[in-house]
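S.K.: Input: one structure, supplied below.
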Amino acid sequence: MDRIKIFIIEDDPFYGEIIQYNLSLNPELDVQLFNTAESFFKKLDENPALITLDYSLPDMTGEAVLKRIKKTHPDIPVVVVSGQEDLQTAIRLLKDGAYDYLTKDEDTKERIWSIIRNIRENLNLREEISHLKDQISKKFDFSKSVIGNSPVMKKVYTLVQKAVSSSITLSINGETGTGKEVIAKAIHFNSKLKNKPFVSVNIAAIPKDLIESELFGHEKGAFTGAIARRIGKFEEADGGTLFLDEIGEMDVNMQSKLLRVLQEKEVTRVGGNGVIKVNCRIIVATHRDLADEVRKGNFREDLYYRLLGLPIHLPPLRMRGNDILLLAKHFIAEYCKENDIGKLSLSPPSQHKLLKYEWPGNVRELKAVIELACVMADDDIIEQDHIQFSKNYSMDNVMNKEMSLREYSNNIIKHFLLKYNDDVVMVSKKLKIGKSTIYRMLQTKSI
Amino acid sequence: MTNYNTTTMEEKLYNLEQIELMSGGNSLFVEKMVNLFIELTPELMNRIKTGLIESDYLEIKSAAHKMKPSIDMMGIGKLKNEIRNIEKLALEHADVMTLNNAINYLDSILNQVMLQLKNRDKEGLN
């Protein structure tokens, strides 16, 4: 870490000299003394980590110096050091943005040391945060986080590039496991908002009664269990991106509240009266066809248009052809790196097996299958036997077996139930069969 | 009310503990600060005396204010409150006699301190 630069503005040569010398005893500090405001301002662009400012200078008042520093360098902490205790002046200076107000006495040195310790901790934390942000940014670098060069994905990349260079609302649609959140993060961490928060909320995972408090926050005592004030996700994401996953699952009553927040750009915490301004980019995702949900009356039309923004459809893995192998190789490499093992590769039959499978769980399922295959592999080749699907519903496999029509039907229904997360209503519509037929088959355990 | 008793030459009027502590054990630095004090104090004292002659209370207050940290750092206990008192008297435009007495006392003690500081090596004082 670089030395911490400290500027002392002090016209009393005796006091200035002694403070400079004392602080310089710490080799981590680079302490510079200025006896006029003018000489100090010439060096201000060196961005010191701390400024101690004598309140009475010959060429400018302490207040004027403080205001000028705050105008151009608002983040640099300024400690005002005065020869006398003056509560009114201290309050005024603190209001003007001074970090602290100290009087010159035998304790001043200790108090400056204490402030330096705090600043050093803050600098360490800032450095750590910056490092972590950098790592996250690298993690969500497009070339690393979004794999694939199939024609359908190339169309997605074109849209993603447009999304990165603007702050338009985004609606990402795609089956479960297609990587909607990965795309949302990749867009955020490659956009101008990358140093601001990315806050993700899965609407489907939060009970209906708690969603308002989760999104907008609550005041202490707003409801049973609200033991303290809590800020909501909108406030948390202020200045950054709020990712609302599974937006199609939001209750209609809540949809109207969300619409109002998006229109007014302000929230009111549950149990509170104050209005809080919020400004964040919204990215929504769903596995549902929202337009269809609007037609069915399950989703508000006005909210739909408010959220539609730039729509990005993520294709299912089965439509991505050779991307399956690219992704599989990527997951193998990732597994080998994380587990510190030698390189593994896919045998031609195992590649064929991966390409033939329907992937109802999409990329998420592929990752799980590959990780299991890596574990099962005996040497550096992953054979087809190492590739095990959680439920062997591959249509290819189904058709290769000699079964009765009833068995084929059962397998087809099983396949669709897996694909649509056991959503019986959806499967009955897709296959144009009655819901009761499916429920009956489930009850009799024929599927 | 300040008791302006004179002091005997034998009484040590300063205490360098604070500066020694801040020097981190560097005696050269302590020496440098002592010399700086001896060099700067007469000028500030003159400003106070001139201010008194010219009834320039602002000048007295300003010079006393500047003298305060060095008096504290040099551990001149007899003047710790006195220098603050002069600053206050100047701010309040106190009567000349009161201010005169206070300034004379300050001058007298400072002269003794500087004499002691200059002779400290000879007398084996610290």
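The values are calculated or read from the model by the stated rules, or taken from the named source; none is laboratory data. Owing to the predicted nature of the structure, the values given are computational and were not obtained by experimental measurement. Every residue, glycine as well, gets a Cβ built from its backbone with ideal geometry; the counts of neighbours run over all protein chains shown.
S.K.: Looking at (1) in a helix (DSSP H, G or I); (2) touching a strand residue (DSSP E or B) at 6+ places or on another chain (Cβ under 6 Å); (3) within 14 Å of another protein chain (Cβ to nearest Cβ), which is the only condition A:THR52 fails?
M.R.: In the conditions (1) in a helix (DSSP H, G or I); (2) touching a strand residue (DSSP E or B) at 6+ places or on another chain (Cβ under 6 Å); (3) within 14 Å of another protein chain (Cβ to nearest Cβ), A:THR52 misses (1) alone.
S.K.: While we're on this one: For the range A:110-157, give me the residue count where each residue is of a type in the set (A, V, I, L, M), within 25 Å of the chain's Cα centre (by Cα) and either in the same structural domain as A:PHE189 (by TED's automatic domain parsing) or closer than 18 Å to A:ASN190 by Cα (or both). Even if it seems obvious, please write down each step before you answer.
M.R.: Residues of the range A:110-157 of a type in the set (A, V, I, L, M): A:112, A:115-116, A:119, A:123, A:125, A:129, A:132, A:136, A:146-147, A:152-153, A:156.
In the following step, the residues that additionally are within 25 Å of the chain's Cα centre (by Cα) were identified as A:123, A:125, A:129, A:132, A:136, A:146-147, A:153, A:156.
Imposing the further condition that a residue be either in the same structural domain as A:PHE189 (by TED's automatic domain parsing) or closer than 18 Å to A:ASN190 by Cα (or both) reduces the set to A:129, A:132, A:136, A:146-147, A:153, A:156.
Adding up the residues that qualify gives 7.
S.K.: Are any of the residues in the range B:54-62 within 21 Å of A:ILE18 (Cβ to Cβ) and either more than 14 Å from chain A (Cβ to nearest Cβ) or assigned to a loop (DSSP other than H, G, I, E, B) (or both)? Let's see the steps before the verdict.
M.R.: Of all residues in the range B:54-62, those within 21 Å of A:ILE18 (Cβ to Cβ) come to B:62.
With either more than 14 Å from chain A (Cβ to nearest Cβ) or assigned to a loop (DSSP other than H, G, I, E, B) (or both) added as a condition, the list becomes none.
Checked the range B:54-62: no residue is within 21 Å of A:ILE18 (Cβ to Cβ) and either more than 14 Å from chain A (Cβ to nearest Cβ) or assigned to a loop (DSSP other than H, G, I, E, B) (or both).
S.K.: Can I ask one more? So, in the range A:212-229, exactly how many residues are among the aliphatic types (A, V, I, L, M) and buried (at least 21 other Cβ atoms within 10 Å of the Cβ)?
M.R.: Taking the range A:212-229 and keeping what is among the aliphatic types (A, V, I, L, M), we get A:215, A:222, A:226-228.
The next check asks that each one be buried (at least 21 other Cβ atoms within 10 Å of the Cβ); those that pass are A:215.
The number of residues fulfilling the criteria is 1.
S.K.: Taking the conditions exactly as written (among the β-branched types (Val, Ile, Thr) and not in a loop (DSSP other than H, G, I, E, B)), does A:ILE187 satisfy them or not?
M.R.: On the way: among the β-branched types (Val, Ile, Thr): yes; not in a loop (DSSP other than H, G, I, E, B): yes.
For A:ILE187, the condition - among the β-branched types (Val, Ile, Thr) and not in a loop (DSSP other than H, G, I, E, B) - is met.
S.K.: I'm trying to understand the selection: among the residues of the range B:63-87, which are more than 8 Å from every other protein chain (Cβ to nearest Cβ), over 20 Å from B:ASN100 (Cβ atoms) and not aliphatic (A, V, I, L, M)?
M.R.: Across the range B:63-87, the qualifying residues are B:GLY75, B:GLY77, B:LYS80.
S.K.: I need the full set of residues from the range A:5-17 which are over 48 Å from the mean Cα position of the chain (by Cα) and assigned to a helix (DSSP H, G or I), in order please. Reasoning before the result, please.
M.R.: Within the range A:5-17, the subset over 48 Å from the mean Cα position of the chain (by Cα) is A:11-15, A:17.
Correct list: A:PRO13, A:PHE14, A:TYR15, A:GLU17.
S.K.: Within the range A:7-14, can one find any residue that is more than 14 Å from chain B (Cβ to nearest Cβ), at negative phi and in contact with a Pro (Cβ under 7 Å, 6 or more places away or on another chain)? First the steps, then the outcome.
M.R.: Applying the first criterion (more than 14 Å from chain B (Cβ to nearest Cβ)) to the range A:7-14 yields A:7, A:9.
Retained after the next criterion (residues that are at negative phi): A:7, A:9.
Next cut, in contact with a Pro (Cβ under 7 Å, 6 or more places away or on another chain) only: A:7.
Yes; the residues of the range A:7-14 include at least one that is more than 14 Å from chain B (Cβ to nearest Cβ), at negative phi and in contact with a Pro (Cβ under 7 Å, 6 or more places away or on another chain).
S.K.: Would you check which residues across the range A:18-29 are assigned to a helix (DSSP H, G or I), without any contact (Cβ under 8 Å) to a residue 12 or more places away in the chain and of a type in the set (A, V, I, L, M, F, W, C) and list them?
M.R.: Within the range A:18-29, the subset assigned to a helix (DSSP H, G or I) is A:18-24.
Of the ones still in play, those that are also without any contact (Cβ under 8 Å) to a residue 12 or more places away in the chain are A:18, A:21, A:24.
The one that is assigned to a helix (DSSP H, G or I), without any contact (Cβ under 8 Å) to a residue 12 or more places away in the chain and of a type in the set (A, V, I, L, M, F, W, C): A:ILE18.
S.K.: Quick one: A:VAL164 ticks every box in (1) surrounded by fewer than 20 Cβ atoms within 10 Å (Cβ to Cβ); (2) under 30 Å from A:GLU358 (Cβ atoms); (3) not small (Gly, Ala, Ser) except a single one, so which number is it?
M.R.: (2)
S.K.: Within the range A:289-298, is there a residue that is in the same structural domain as A:GLY240 (by TED's automatic domain parsing) and touching a residue at least 60 places away in the same chain (Cβ under 8 Å)? Can you show your working first?
M.R.: Of all residues in the range A:289-298, those in the same structural domain as A:GLY240 (by TED's automatic domain parsing) come to A:289-298.
After this cut, where a residue has to be touching a residue at least 60 places away in the same chain (Cβ under 8 Å) as well, the list is A:289-290.
Yes: the range A:289-298 contains one or more residues that are in the same structural domain as A:GLY240 (by TED's automatic domain parsing) and touching a residue at least 60 places away in the same chain (Cβ under 8 Å).
S.K.: Let me confirm something: among A:ASP12, A:ASP107, which residue is within 25 Å of B:ASN85 (Cα to Cα), touching a Ser or Thr at 6+ places or on another chain (Cβ under 9 Å) and in the same structural domain as A:LEU123 (by TED's automatic domain parsing)? It would help to see each step written out before you state the result.
M.R.: Values: A:ASP107 fails: touching a Ser or Thr at 6+ places or on another chain (Cβ under 9 Å).
The match here is A:ASP12.
S.K.: Now, a different point. Of all helices (runs of 4 or more DSSP H) completely enclosed by the range A:285-399, which ones contain at least 2 residues that are buried (at least 19 other Cβ atoms within 10 Å of the Cβ)? Can you show your working first?
M.R.: Numbers: elements: A:290-295, A:301-308, A:323-338, A:348-356, A:362-376.
So the answer is A:301-308, A:323-338, A:348-356, A:362-376.
S.K.: Restricting to the range A:234-288, count the residues that are out of contact with any Leu (no Cβ under 7 Å at 6 or more places or on another chain), of a type in the set (D, E, K, R) and touching a residue at least 40 places away in the same chain (Cβ under 8 Å).
M.R.: 9
S.K.: Ok, one more. Which members of the range A:104-117 meet the condition of being surrounded by 14 or more Cβ atoms within 10 Å (Cβ to Cβ) and away from chain B (no Cβ under 14 Å)?
M.R.: Of everything in the range A:104-117, those that are surrounded by 14 or more Cβ atoms within 10 Å (Cβ to Cβ) and away from chain B (no Cβ under 14 Å) turn out to be A:ILE115, A:ILE116.
S.K.: Only residues in the range A:423-442 that are free of Cβ contacts under 8 Å to residues at least 40 places away in the same chain count as the first member; pair them with residues that are among the aromatic types (Phe, Trp, Tyr) and surrounded by 14 or more Cβ atoms within 10 Å (Cβ to Cβ), Cβ under 7 angstrom, at least 6 apart or cross-chain, and list the lot.
M.R.: Note: pairs meeting the criteria are A:MET426/A:TYR420; A:VAL427/A:PHE416; A:VAL427/A:TYR420; A:LYS430/A:PHE416; A:LEU431/A:PHE416.
S.K.: Exactly one of these conditions fails for A:TYR99: (1) within 34 Å of the chain's Cα centre (by Cα); (2) surrounded by fewer than 16 Cβ atoms within 10 Å (Cβ to Cβ). Give me its number.
M.R.: (2)
S.K.: Something else about it: Run down A:GLN84, A:GLN88 and say which single residue is modelled with pLDDT under 85, in contact with a strand residue (DSSP E or B) (Cβ under 7 Å, 6 or more places away or on another chain) and not charged (D, E, K, R). I'd like the intermediate steps shown before the answer.
M.R.: Values: A:GLN88 fails: in contact with a strand residue (DSSP E or B) (Cβ under 7 Å, 6 or more places away or on another chain).
The conditions single out A:GLN84.
S.K.: Which condition does A:VAL152 not pass, out of (1) in contact with a helix residue (DSSP H, G or I) (Cβ under 7 Å, 6 or more places away or on another chain); (2) under 26 Å from A:ILE129 (Cα atoms); (3) surrounded by fewer than 19 Cβ atoms within 10 Å (Cβ to Cβ), if it passes all the others?
M.R.: Result: A:VAL152 fails condition (2) only.
S.K.: Can you list residue pairs whose Cβ atoms sit under 6 Å apart, with the first residue in the range A:30-56 being at pLDDT below 90 and the second being of a type in the set (Ser, Thr, Tyr)? Count only pairs 6 or more apart in sequence or on different chains.
M.R.: What qualifies is A:TYR55/A:SER82.
S.K.: I want to confirm something. Restricting to the range A:60-93 and keeping residues that are within 14 Å of another protein chain (Cβ to nearest Cβ) and outside any helix (DSSP H, G or I), which single residue is surrounded by the most Cβ atoms within 10 Å (Cβ to Cβ)?
M.R.: Step one: filter the range A:60-93 for residues within 14 Å of another protein chain (Cβ to nearest Cβ), giving A:61-62, A:81-86, A:89.
Add one more test, that the residue is outside any helix (DSSP H, G or I), and what stays is A:61, A:81-86.
Working: A:THR61: 12, A:VAL81: 25, A:SER82: 19, A:GLY83: 23, A:GLN84: 15, A:GLU85: 11, A:ASP86: 14.
Looking at the filtered set, the residue picked out is A:VAL81.
S.K.: Within the range A:282-293, can you find the residues that are over 25 Å from the mean Cα position of the chain (by Cα) and either modelled with pLDDT of 95 or more or of a type in the set (Asp, Glu) (or both)?
M.R.: Our first condition is that a residue be over 25 Å from the mean Cα position of the chain (by Cα); within the range A:282-293, this holds for A:291-293.
Selection gives A:ASP292, A:GLU293.
S.K.: On to the next question. Hey, among A:GLY232, A:GLY239, which residue is surrounded by 15 or more Cβ atoms within 10 Å (Cβ to Cβ) and small (Gly, Ala, Ser)?
M.R.: Values: A:GLY239 fails: surrounded by 15 or more Cβ atoms within 10 Å (Cβ to Cβ).
The match here is A:GLY232.
S.K.: Would you be able to say whether some residue in the range B:29-37 is among the charged types (D, E, K, R) and facing chain A (nearest Cβ under 9 Å)?
M.R.: As a first pass, look at the range B:29-37 and keep what is among the charged types (D, E, K, R): B:31-32.
This time we only want the ones that are facing chain A (nearest Cβ under 9 Å), so: B:32.
Looking for residues that are among the charged types (D, E, K, R) and facing chain A (nearest Cβ under 9 Å), one finds at least one in the range B:29-37, hence yes.
S.K.: Determine if the range A:262-281 includes at least one residue that is in a helix (DSSP H, G or I), modelled with pLDDT under 95 and surrounded by fewer than 14 Cβ atoms within 10 Å (Cβ to Cβ).
M.R.: Scanning the range A:262-281, I find at least one residue that is in a helix (DSSP H, G or I), modelled with pLDDT under 95 and surrounded by fewer than 14 Cβ atoms within 10 Å (Cβ to Cβ), so the answer is yes.
S.K.: Could you please tell me which pairs satisfy a Cβ distance under 8 Å, a separation of 6+ or placement on different chains, a first residue in the range A:309-323 that is closer than 14 Å to A:THR158 by Cβ, and a second residue that is among the hydroxyl-bearing types (Ser, Thr, Tyr) and outside any strand (DSSP E or B)?
M.R.: A:LEU310/A:SER166; A:LEU310/A:THR169; A:LEU314/A:THR178; A:PRO315/A:SER150; A:PRO315/A:THR178
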